[in-house]
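Have a look at the structure below, then the notes.
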Amino acid sequence: MSWLDMLQHQTRQLGQRALDQQLRLGITGLSGAGKTAFITSLVHQLCSGDLPEHLPFFEVVQQGRYLGGRLSNEQPLSIPRFAYERNLASLLGNPASWPVSTIGWSQLDLQLRYKPRNRLRASISHHSELHLQIIDYPGEWLLDLPLLRQSYQQWCEFSWQLFRQPHRQALSAPFAKRLAALNLQDASVPQLQQLAAEYAELLTQFRQLAGTYLNQPGRLLVPGELAGAPMLQLLPLLPEQLAQASPLLNKLSEHYSSYCQFVVKPFYKQHFASIDRQVVLVDCLSALNAGHAAMAELQQALALIMQSFQYGPSSLLRRLFQPRISRVLFAATKADHVTPEQHKALTLLLQQLLQQPIKHSHYAAAHSEVMALAAIRASSSGTVRQDGQLQLCISGLQRSDSLLVTLFPGEVPASLPPAELYQQHHFAFPDFLPPAVALQQPLPHVRMDHALQYLLGDKLR
Ligand code: GDP
């Protein structure tokens, strides 16, 4: 290579590096919201689904400038890796099955290559790269943020107010009885271990109950590397046990402070503060199926989650962690469980669920968007003739018995239904098995191209 070629090569490389960008995209949502399915689909669309007819609203693909995506082989070995290959194998298996859900923190790095649209950029380098880091974490961890503002006593009061709601009462009553009979002078390790185990069991039972979303603290359900740490020996005493100081109250307050200091704050500092864009997935349809109390609790949980995205100049988040999230996509998932003309109502419903917290925020730093989507479309839509009338319907393999059903799943309310409506009407949106997809085919979806455009479009120009 002559010195001139070398110089040109180096200039190109420098230009290339200057044009390359990095983006950290966080994906979260409460348990079962659809994070695993969403990430698996997103990665598959970027690596194998880049056909204009498959992603019509994803500009870079539509304009023929997308050169492809691949998994990075430079991902640090110390970071838990999102099990993309295993998840895809479940979806493409015969029979296809849904992948195992998210239980902790993981990351997947991708390299996306594209032709710059800008002439100047294109003259410097014939392609650019976006290094995309996808970060998956349980939405339950965001429910821990409010703990930083509460004292242990306030948290106990909040918890018992919730546990005494009708839909939680039956499960929590035996634990309340157990606490009421406690000797508060005994703060020994065996007593704390036993009580914490019983409280963790109660949280697990709550989680299995449809429509309970506010299960704090988040790490008691998913302890990960913290399993066995004394600060996880945490539980809310009954409000009436807080009036007088006692050894048990002191010990639990101490564990609560340690949990805030060594679990909640580090999560925000090390992980959350490095995220550039965030997706929050919400399964509104399952909450409607579970009834009024479930919808009310989902709204409450979302209000707490929203606090993580409201970091005006005087907010606690801004003071403590300097977050930099500039865009948040709130997505109502599993839109393939309803007929397409209901998607608008599903979006409006999610908007309403989020509206209260948005209204009350003095300053929302991040730009946000709300949409209804299905990461993996498991149904097909069409019409049937019923009593001489054309009726919209969807078909899919019912999860409970694997039978192919064709049905009209019902209307989605465009606003929060009043409590009385649930007494007259039972929502019963279906649940489907994943579709059979051939190996070379892209995964079918609803509006993943819109999501990609919102999240990455401006970075691929
Ligand atoms: P996670 O707990 O947030 O990781 O949730 P998952 O991604 O594991 O999803 C939980 C369940 O929701 C899956 O097992 C599927 O049954 C269902 N699901 C998730 N995404 C979709 C989707 O796009 N369409 C349909 N029909 N079902 C979905």
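The values are calculated or read from the model by the stated rules, or taken from the named source; none is laboratory data. All values reported here derive from a predicted model rather than from experimental measurement. Positions of Cβ are backbone-derived with ideal geometry, glycine not excepted, and every protein chain shown enters the neighbour counts. Please note that ligands, DNA and RNA were not included when accessible areas were found on the heavy atoms of the full protein model with its side chains. Shrake-Rupley method; radii C 1.70, N 1.55, O 1.52, S 1.80 Å.
Data table
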item: Set Lys35/Lys269; Lys35/Lys177; Lys265/Lys344; Lys35/Lys459; Lys177/Lys265; Lys35/Lys344 screened for pairs whose C-alpha atoms are more than 27 Å apart; result: Lys35/Lys177; Lys265/Lys344; Lys177/Lys265
item: Theoretical ellipticity at 222 nm over the chain - DSSP helices of four or more residues, -39500 (n - 2.57) apiece, nearest 500; result: -11500 deg cm²/dmol
item: Rounded percent of accessible protein surface that carbon and sulfur make up, the chain, 1.4 Å probe; result: 53 percent
item: The chain, relative contact order [Cα under 8 Å, separation at least 6], %; result: 19 percent
item: Alpha-carbon centroids, region 138-164 and region 59-92: separation in whole Å; result: 36 Å
item: Value of relative contact order over region 66-164, rounded to a whole percent, pairs C-alpha under 8 Å and six or more apart; result: 27 percent
item: Dipole moment magnitude, nearest 20 debye, the chain about Cα centre, only Lys, Arg, Asp, Glu C-beta charged; result: 1180 debye
item: Residue-normalised accessible area of region 177-302, expressed per residue, 1.4 Å probe, Å²; result: 39 Å²
item: ³J(HN,Hα) computed for each position of region 235-245 - Karplus, 6.51 cos²θ - 1.76 cosθ + 1.60, integer Hz, glycine/proline x; result: 6, x, 5, 5, x, 6, 8, 9, 5, 10, 5
item: For peptides 337-347, 48-58, sequence by mean Cβ density within 10 Å, most packed first; result: 337-347, 48-58
item: Cα shape, the chain, gyration tensor, a/c 1.5 rule; result: oblate
item: Net dipole in debye of region 151-268 [+1 Lys, Arg Cβ; -1 Asp, Glu Cβ; about Cα centre; nearest 20]; result: 220 debye
item: Burial ranking of peptide ranges 290-299, 74-83, 189-198 (average Cβ count within 10 Å, highest at the top); result: 290-299, 189-198, 74-83
item: For region 380-424: rounded, prolate or oblate by the Cα gyration tensor [a/c cutoff 1.5]; result: oblate
item: Beta bridge orientation in the chain: antiparallel %, DSSP, nearest 5; result: 50 percent
item: Cα shape, region 53-104, gyration tensor, a/c 1.5 rule; result: oblate
item: J(HN,Hα) series, region 181-191, from Karplus relation 6.51 cos²θ - 1.76 cosθ + 1.60, nearest Hz, glycine and proline x; result: 8, 6, 8, 6, 7, 8, 10, 6, 4, x, 5
item: Amide H within-cut-off set for Ser368, under 5 Å, with H built and near neighbours excluded; result: Val328
item: Charged-residue dipole, Cβ positions (Lys, Arg, Asp, Glu), region 116-188 about Cα centre, Debye nearest 20; result: 320 debye
item: Mean Cβ count within 10 Å, highest first, over the residues of peptides 164-172, 101-109; result: 101-109, 164-172
